[in-house]
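Take a look at the structure set out below.
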Amino acid sequence: MTYLPTMGDTESIAFNSTKYPGICKPSNPTTLQAVYDMQNQINRIAKIKGGKIIAQDGDIGPGTLAAARFAAESSPNPSRPPSSCMDLGANIIGFTAAVMAKADALGAPAKVSAPVPAKAPTLVMPTGLEVKGGPPVGASALDSLKHLGMPMMLGLGAVAIGIGYFVLAKPKAK
């Protein structure tokens, strides 16, 4: 099992890249929040430079890696693009700070509306156990709904339509 710990404040940054090869999944809430922040900073540059805006799904997969490379190369002072999810995960704090500085210099908005993730964010523990992750810190109620994943959102929509039908339906005459 590949497990990447790095230095952090209270909880170290840690990823699991074994359960899903080629994807580094956070192993704790601190790491998940670090990935959300990095994905937002990447999206800020994508918004200004015309790149692809990615879903804030908490994973470092092929989409996030491609967007990170775009962000690293799309500035007057390009930085070294990450070579793999493990490379990006091991340097996430420094990379996020560099991308944030570039986005600020470009005048990018502080928050960019991202697409809904295909599935709810999860954490993969060092043992391989997968547990549900939460929304980004400071997320609005609508942002929190985005992080439920598409299947859960469809289910909530169906429930809302059903409730609306029963509330608004006219009673049948006897």
Give the order of ARG80, ARG44 when sorted by the count of other beta carbons within 10 angstrom, beginning with the fewest.
ARG80, ARG44
Any of LYS19/LYS111; LYS19/LYS132; LYS19/LYS49; LYS25/LYS49; LYS49/LYS111 with alpha carbons more than 22 Å apart? Name them for me.
LYS19/LYS111; LYS19/LYS49; LYS25/LYS49
Taking the beta-carbon count within 10 Å as an exposure proxy, list TYR36, TYR165, TYR20 from fewest neighbours to most.
TYR165, TYR20, TYR36
What are the residues whose amide H is under 5 Å from the amide H of THR122, where those residues sit 5 or more places off or on another chain and H is modelled from the backbone?
GLY133
Under the Karplus relation with 6.51, -1.76 and 1.60 and θ = phi - 60°, whole-Hz ³J(HN,Hα) for region 15-21, x at Gly and Pro, equal 10, 10, 10, 8, 4, 10, x
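All of the numbers you see were taken from the coordinates with simple rules; none came from a lab. Keep in mind that what you see is a predicted model, and the values were worked out from it rather than measured. Positions of Cβ are generated from backbone atoms using ideal geometry, with glycine treated the same way; all protein chains shown enter the neighbour counts.
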